[in-house]
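Contents: one structure, followed by commentary.
Coordinate-derived values only; no laboratory data. For clarity, every value in this text was computed on a predicted model and none was experimentally measured. Glycine gets a Cβ as well: all are built from the backbone with ideal geometry, and neighbour counts include every protein chain shown.
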Amino acid sequence: MNHDNSHQHHNHNHCIETALATAEALCAEQGQRLTKVRRRALELIWESHRPLGAYQLLAKLAEEGFNSAPPTVYRALDFLLAAGLVHKVESMNAYLGCAHADKVHKGYFLICDECRNVMEFDYQDIHAALIEKAAQQGFELRAETIELTGLCAKCKAQAVGENA
Ligand SMILES: [Zn+2]
Ligand SMILES: [Zn+2]
Ligand SMILES: [Zn+2]
């Protein structure tokens, strides 16, 4: 799957609008309701390409006068996760909006050490290789957490600029 140049200069409003439109469409298709709190939670997670922790989300929703009791927020998060609208980035214990929610896939992530932006990357080849390697050891693969850390293109370019 193609990821957009999330970390390059881009019109992020476009990311947000697309994500919300996809969410509306998916929910309608599945007969689910994108309630106000679910929608706002998704929007807040999409404020940037930096994953948002549950407590940060809780605080933001509280500020806006939503019922921000932890169960409400966790239920909204569970819904967004189950719908594939967000991914959990385990190593950051935080949530990232998914730009490909309409396609079934696993979240494999590139995490920038510098700006903390997270980008998804294509998983299909790796996924097939993992299943095969695990099977060679008689192991049935059930879950994969692939989170790579490093420097994103933008931060790398900045670092080069500073050293010049
Ligand atoms: Zn964006
Ligand atoms: Zn995704
Ligand atoms: Zn970066």
So which trypsin sites (Lys or Arg not before Pro) in the range 56-164 pass both tests, a DSSP loop state and at most 10 other Cβ atoms within 10 Å of the Cβ?
Lys103, Arg142
Consider a paramagnetic label point 7 Å from the Cα of Gln32 along Cα→Cβ; state which residues of the range 68-87 have an amide N under 19 Å from it.
71-87
With the chain treated as a Gaussian network of Cα nodes joined by springs under 10 Å, which of His14, His105, His49 yields the largest mean-square fluctuation?
His14
Loop-located GluC sites (Glu not before Pro) in the range 17-71 whose Cβ has at most 16 other Cβ within 10 Å (DSSP)
Glu47, Glu64
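Rounded, prolate or oblate: which one fits the chain, using the alpha carbon gyration tensor with axes a ≥ b ≥ c (rounded when a/c is under 1.5, else prolate when a/b beats b/c, else oblate)?
oblate
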Where in the range 107-164 are there chymotrypsin sites (Phe, Trp or Tyr not before Pro) that are in a DSSP coil and have at most 16 other Cβ atoms within 10 angstrom of their Cβ?
Phe121, Phe139
Ranked by GNM mean-square fluctuation in the chain (Cα springs under 10 Å), the top entry among Cys115, Cys98, Cys15 is Cys115
Whole-Hz couplings from phi, Karplus 6.51/-1.76/1.60, listed for the range 129-139; x for Gly and Pro:
5, 5, 4, 5, 4, 5, 4, 4, 9, x, 9
Using a Cα-Cα cut-off of under 19 Å, which lysines could be cross-linked to Lys88, ignoring same-chain neighbours fewer than 8 residues away?
Lys60, Lys103, Lys106
